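For reference, the structure discussed in these notes is given below.
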Amino acid sequence: MAAATARLRRPALSRWASVAHVLPLRHAANLVTAARLGAAVPLVLLIERHAFDWAFLLFLVAAASDAVDGVLARLTGSTSTLGAALDPIADKTLIALALLSLWWVALVPTWFILLLMFRDVAIVASSVALYLRRRALRVEPLAVGKLATALQLVLVGFVLLEQAFDLPLAELVGIGFPAVAGVAWAALALTAYDAWQPDRSPTARPAGSSGASAV
């Protein structure tokens, strides 16, 4: 029975993907990702004006869209190189501008911002060095890098939630800053180790294997 249901479901999904391919729906995933990227600017303005309730709601929708665009891409069969590149850019932009804005209004400690900035500089420097050495660079996220991004999203969400509804979350948020910073730097260390392995050269790697990973 289960096998018959699966056989019936596959043609239905194929028809859905075919329809989506010829309709504007095939661009839905990329549009959702672009909307998340665009939400960063109004989020900054809301935080700077201390409109934390609206900022929290906007951030919640933007963060949820990170899952929505992936689901849409799979349902419509419209995964693309553009979408794969745009998704982490949208995530990083949203998180970075949110954290900088919260730092500007004295809700995020300076040391936390500096640690994340130094980490991002280290990522760029390592990527450039790796490219110069191998003349090739493939960027695929490790699980720990995805975890670091998710924890940063959660941390920003809790900071906004505390301010929006005057909740007693100061102690939890205070623990969150060193915890998230630690995971972020651990992600960098594991990614660097994975990328700089001698046997991980793209020319010597079997098809389908991973290369340098974004964190």
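The values are calculated or read from the model by the stated rules, or taken from the named source; none is laboratory data. Every value quoted in this text rests on a predicted model; they were computed, and no experiment measured them. Glycine also receives a Cβ, built like all others from the backbone with ideal geometry; neighbour counts cover every protein chain displayed.
List of remarks:
- Considered as a group, the residues in region 90-99 that are touching a helix residue (DSSP H, G or I) at 6+ places or on another chain (Cβ under 7 Å) and of a type in the set (A, V, I, L, M, F, W, C) include one that is modelled with the lowest pLDDT, and that residue is ALA90.
- Residue within region 52-59 that is under 14 Å from the mean Cα position of the chain (by Cα), surrounded by 13 or more Cβ atoms within 10 Å (Cβ to Cβ), at pLDDT 75 or above and not hydroxyl-bearing (Ser, Thr, Tyr) present: yes
- Among the residues of region 85-92, none qualifies, meaning not one is in a loop (DSSP other than H, G, I, E, B) and more than 30 Å from LEU167 (Cβ to Cβ).
- The combined condition, being assigned to a helix (DSSP H, G or I), outside the structural domain of LEU58 (by TED's automatic domain parsing) and over 30 Å from LEU57 (Cβ atoms), is fulfilled by ALA122.
- Considering the conditions (1) in a helix (DSSP H, G or I); (2) outside the structural domain of ALA150 (by TED's automatic domain parsing); (3) modelled with pLDDT of 75 or more, LEU115 is excluded by exactly one of them, (2).
- Answer from ALA62, ALA67 - the residue that is at pLDDT 85 or above and assigned to a helix (DSSP H, G or I): ALA62
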